[in-house]
Amino acid sequence: MSAQNIKSGAFKTMTVLSYLGNVICALLCMVLLIACITNGTSMENSEMFDGLFSGLLGVFAVMSALVIGMCWLCIIGVAKMKKGLRRGFILYLIGNGLWVVLLIYSGSDGSLPSLLGALISIGFIAYYAMKIPKLSK
């Protein structure tokens, strides 16, 4: 990417927002993952709860680990795009594209915040897609 594009205010703003959103999401999911693991092990020691709750905690733990992975893909992708590398967009597209699919699926019952989040994420993907011609291999 040329020096002019890296110094553009819009690109810097989008990268900062991408970093901020993905770091916050990853941290929140890490808290959920730690809570699932901690509560899951304490539930196994207690016979008060049946297997359903520990099974649901397992699902939450797996989902939060997947979201953490998607966030890190996005963070790495933005860092590579900031360096001018085209493969950064591919990483960002994979991570954020999966996030969009999850949001659309969760918003299929008419949940407006989920659909709005998916629309915002699609906007970020579209913005970075417009920068592809200016990125090198």
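Multiplying the residue separation of residue 72 and residue 15 by 0.36 nm and subtracting their alpha-carbon distance yields 19.1 nm.
Reachable lysines from residue 12, Cα under 20 Å, same-chain residues fewer than 8 places away excluded? Those lysines meeting the cut-off are 80, 82, 83, 131, 134.
Expressed as a whole percentage, what fraction of the accessible surface of the range 79-134 belongs to carbon and sulfur atoms when a 1.4 Å probe is rolled over the protein heavy atoms? Don't skip to the answer; put the middle values down first.
On the way: 2460 of 3300 Å².
Accessible surface attributable to carbon and sulfur in the range 79-134 totals 74 percent.
The length gained by stretching the chain between residue 56 and residue 108 to full extension, at 0.36 nm per residue less their Cα-Cα distance, is 16.6 nm.
Placing a pseudo-label 7 Å from each Cα along the Cα-to-Cβ vector at residue 63 and residue 34 gives an inter-label distance of 2.1 nm. With 0.36 nm allotted per residue and the present C-alpha distance subtracted, the residue 115-residue 127 stretch has 2.5 nm of extension available.
The values are calculated or read from the model by the stated rules, or taken from the named source; none is laboratory data. Please read all numbers here as calculations on a predicted model, not as lab measurements. Don't worry about glycine lacking a Cβ; one is built from the backbone with ideal geometry, like all the others, and counts go over all protein chains shown. Side chains are part of the model used for accessible areas, which takes the heavy atoms of the whole protein and leaves out ligands, DNA and RNA. Shrake-Rupley method; radii C 1.70, N 1.55, O 1.52, S 1.80 Å.
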